[in-house]
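Read the structure below first, then the notes.
A short reminder: the numbers here are calculations on the coordinates, not readings from a lab. Treat the numbers as computed from the prediction; the structure is a model and nothing was measured. So basically every Cβ, Gly included, is an ideal-geometry build from the backbone, and we count neighbours across all protein chains shown.
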Amino acid sequence: MLSPMVAATRSGAPARPRRRGSRGVSIVEFALAGVVFLTLIFGLLTGAWFVFARTEVTNAAREGARQAIVANPSCDQTSAQTAAQKNSGPFSKAITVTASQSSDSLGSYCTVSVSYSFNPMAGLFGLHSATISSTAKEYQN
């Protein structure tokens with residue numbers, strides 16, 4: 001008759017006996033690794049959402065300035081705001097748009113500023129809201 005250790009492993013590799021106190025170790029290891037993994041995932045998602053918001057705000061300012069100077073040579077605030085909101089993706093209701101007209105030695109130009117209050121998805125590690133703003137300048141031909 002074979003011993004229980006040899007019978008358990010017919011391939012010839014010695015079997016490791018189970019220790020009595022190791023019953024919940026895998027759950028604890030999973031919990032520790034899961035916290036780290038989820039923190040990394042939420043951090044990556046928050047960073048990606050921030051970059052996306054910054055890109056959309058920049059595009060909104062650029063399009064707002066272009067449309068404001070094309071629609072009306074006097075830099076129309078309404079045209080700038082409409083164009084900026086139309087080109088700001090999911091942030092269209094949350095952006096603030098200001099337009100102003102100025103001139104310098106190169107000619108008359110329109111300046112449009114767009115700002116957005118970014119709120120992180122998870123308030124982990126003391127992340128607070130931040131204001132993303134962009135300014136674009138378009139010269140009149």
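What does the extension gain come out to for Phe52 and Tyr139, with contour length at 0.36 nm per residue minus their alpha carbon separation?
Residue separation times 0.36 nm, minus the Cα-Cα distance, leaves 28.6 nm.
Peptides 47-55, 65-73: what's the order by average Cβ count within 10 Å, highest mean first?
My ranking of the peptides, most packed first, is 65-73, 47-55.
Each of Cys110, Cys75 has some number of other Cβ atoms within 10 Å of its Cβ, and from fewest to most they run Cys75, Cys110. Between Thr131 and Thr96, what is the label-point separation in nm under the 7 Å Cα-to-beta-carbon projection? Rounded to a tenth, the inter-label distance reads 0.5 nm. As a proxy for reagent exposure, Ser105, Ser92 were ordered by neighbouring Cβ count within 10 angstrom, fewest first; the result is Ser105, Ser92.
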